[in-house]
1. Being away from the ligand (no atom under 16 Å from the Cβ), part of a loop (DSSP other than H, G, I, E, B) and surrounded by 20 or more Cβ atoms within 10 Å (Cβ to Cβ), is that true of even one residue in the range 430-448?
2. Out of 197, 231, 207, I need the residue that is aliphatic (A, V, I, L, M) and touching a His at 6+ places or on another chain (Cβ under 8 Å). Which one?
3. Looking for whichever is outside any helix (DSSP H, G or I), surrounded by fewer than 21 Cβ atoms within 10 Å (Cβ to Cβ), aliphatic (A, V, I, L, M) and in contact with a helix residue (DSSP H, G or I) (Cβ under 9 Å, 6 or more places away or on another chain) here; the options are 42, 11, 16. Which one fits?
4. Only residues that are open to solvent by 50 Å² or more (accessible area, probe 1.4 Å) and in contact (Cβ under 8 Å) with a residue 24 or more places away in the chain: list them for the range 88-115, please.
5. Condition test on residue 335, is it within 16 Å of the ligand (Cβ to nearest atom), of a type in the set (Val, Ile, Thr), without any contact (Cβ under 8 Å) to a residue 60 or more places away in the chain and open to solvent by 30 Å² or more (accessible area, probe 1.4 Å)?
6. Only one residue in 404, 385 is in a loop (DSSP other than H, G, I, E, B), more than 19 Å from residue 207 (Cα to Cα) and modelled with pLDDT of 95 or more. Which one?
7. Tally time: how many residues in the range 342-389 are among the small types (Gly, Ala, Ser) and crowded, with 17+ Cβ neighbours inside 10 Å?
Amino acid sequence: MPKVESKGLDAIVVGAGFSGLYQLHCLRDRLGLSALVLEAGAGVGGTWYWNRYPGARCDSESHGYCYSFSKELFEGWEWSERYPAQAEILRYLNYVADRLDLRRDIRLDARVSSARYDEPANLWHVTTEDGATFSARYLITAVGCLSTANIPEIPGLASFAGQWVHTGQWPHEGVDFSGKCVGVIGTGSTGIQAIPVIAQTAEHLTVFQRTANYSVPAQNAPLTPDFQRYVRENHTAIRDATRSTGNGQPFAIEDRSVFDVTPEQRQELYEAAWQKGGLQFRATFRDLLMDRAANETASDFIKAKIRQIVKDPATADNLADIDHPYAAKRPPIDTDYFETFNRPNVSLVDVRATPIEAITPSGLRTRDGREYPLDIIVFATGFDAMTGPLLRMNIVGRDGLTLAGAWRGGPRNYLGLQVAGFPNLFTITGPGSPSVLTNMQVAIEQHVEWITDCIAHMRAHDIARIEARPESMDRWVQSVNEAAHATLLPHTPHSWYLGANIPGKPRVFMPYAGGMVRYRDICGEIARKGYEGFALSR
Ligand code: N01
């Protein structure tokens, strides 16, 4: 018989990363509700708890990648680098958990295995893998968008005699690459961060690249005392900046077209952006993601850089043979990624031309019959993004409707926050919200605050249930599609934004591409109109 751990809760929050910690604080300390966080890991931190691979760091700048809701919290922490590394972000989240005294309402090692809505009782019953059950009026998922590892089904993996690891499930004790032949599969943001670091200690590193990728130098560096002081003294200005830009970053996209300047000026602007580094490269012109010809100027600039940096012409050709517009997939930023291919211990294999056929006891074989002896295989193969973490919780709503059934043709919801048939279930940064197309931190705060205000409204007006109306979902799905199709984003056939990295996953552009400012306005307006488009009942 499953143990009933708790019946008297107001809310259950799933996940203790950036979203779950803030949601717990809002529900418990602002609304005075009883709330419990169920977290699969043995510690808080979410993404930053799991992704401990070498080179893991944030690609948003540190002063914009932290909570902004509390001046005290903001001023009580000092970042050391422009882009904080995983260990520093994890320390930061532990600092937050302690400062807000959150741990007493977080249950660790508690992976949710099912969640079922009980209509007569108007409760969610949640079960964890160890068989414990919990019940609450509200169920809020704070499971992140990129937390379900994608380990491709390559024949023979079970026979591999060496060690294999996925970057999103990195062993806490680390992996020793010294003296080892290592293979990294995948050249997304993760592979691009990990490859240069692994190459420093591996005997030999073979990179298996299926899709060549753009990358711009991060130009990471320790923060100067002057900048640290500026951050300490400018909490409000930084918060306002991140809340006023479409991408939630503390920098704005320049209001000029690629074609407002001469080719020479454009080259100078790109060169300056390259030297400055980071995601700001994308902000050089306003039309880079809107217009293919505009985008080609940035793509060509980066491809030329790759050819300048990489000395072996065949390797340079392979790395620069990029088949999609710049930033139409999530644009990585790096430290010495292309330079790493000049090392004598690093080689590149094009697995689009010769796909991986099998993993053997001693390594990996490609379709041309070549064998690559390996001691360690690193899967930098990404995630079943956005829907994966939600679907694996086996959520069942009203009348036995499963979330998997409701989303058979792809995710459908209202504002990325609610699904018809699942009353009082809220999905922080769910598909259909800006999330991964923006600075996650800003998207998370907006969602948590909206959900908190919504629950406060329900309690103040004696409303027992809130649920998206089906017709609101239809309209919102259409808005999400229109926003995506106004950009170049849906035109990359192998993008995880479309679910294309997972065999059999419906091809639906998942995040909302209309920008954070517009999205915040829409959500605010809907709330002001008494939660228009939602069904509220007593
Ligand atoms: O995953 P990805 P990721 N055989 O899906 C390849 C965030 N992030 O972990 O493109 C061979 O982007 C796949 O090839 P293809 C960020 O939002 C943030 O790198 O599908 N190759 C691709 O090259 C990012 O976008 C930070 O053809 C296979 C790679 O594996 C998101 O996480 C840092 C394969 C997967 O790339 C995901 O990035 C890191 C197969 N069977 C990540 N299957 C920050 O800095 C897949 N691939 C905050």
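1. Among the residues of the range 430-448, at least one is away from the ligand (no atom under 16 Å from the Cβ), part of a loop (DSSP other than H, G, I, E, B) and surrounded by 20 or more Cβ atoms within 10 Å (Cβ to Cβ), which makes the answer yes.
2. The unique qualifying residue is 231.
3. 42
4. 99, 103, 107, 108, 109, 111
5. When the stated conditions are applied, residue 335 does not pass them.
6. 385
7. Total meeting the criteria: 5.
Conditions (1) closer than 30 Å to residue 253 by Cβ; (2) among the hydroxyl-bearing types (Ser, Thr, Tyr), marked per residue:
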| position | (1), (2) |
| --- | --- |
| 382 | yes, no |
| 416 | yes, no |
| 420 | no, no |
| 427 | yes, yes |
| 431 | yes, no |
| 437 | yes, no |
| 463 | no, no |
| 471 | no, no |
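The values are calculated or read from the model by the stated rules, or taken from the named source; none is laboratory data. None of these values were measured; they are calculated from a predicted model. Backbone-built Cβ (ideal geometry, glycine too); neighbour counts: all protein chains shown. Surface areas here come from the heavy atoms of the whole protein model, side chains and all, with no ligands, DNA or RNA. Shrake-Rupley method; radii C 1.70, N 1.55, O 1.52, S 1.80 Å.
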